[in-house]
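Coordinate-derived values only; no laboratory data. Only a predicted model underlies this, so the values are computations on that prediction, with no experimental measurement involved. Ideal geometry is used to build each Cβ from the backbone, glycine not excepted, and the neighbour counts take in all protein chains shown.
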């Protein structure tokens, strides 16, 4: 997937917005839980999180078998306008 098309992918966008809204609650940002919350598969969540991590908008921490995702400052800058766009489209 090309990075320029990343935010046309609704899973990546939903994941980034969910992490933005959950910021400060990193213990709850397990990939499996986030996948359920944004209505996608675990594999889809992990695949999209790898791409988001490569471009520096999230970080990934592994705690045993759990994958914890955290939004970065760059991710917050990108998420804010995406949230406004979604709000304007409602």
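Data table
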{"quantity": "Residue list for region 50-78, filter: part of a helix (DSSP H, G or I) and in contact with a strand residue (DSSP E or B) (Cβ under 7 Å, 6 or more places away or on another chain)", "calculated": "52, 53, 75"}
{"quantity": "Checking residue 35 against (1) in a helix (DSSP H, G or I); (2) surrounded by fewer than 17 Cβ atoms within 10 Å (Cβ to Cβ), the condition it does not meet", "calculated": "(2)"}
{"quantity": "Evaluation of residue 19 against (1) without any contact (Cβ under 8 Å) to a residue 40 or more places away in the chain; (2) buried (at least 16 other Cβ atoms within 10 Å of the Cβ); (3) assigned to a helix (DSSP H, G or I) (one fails), failing number", "calculated": "(1)"}
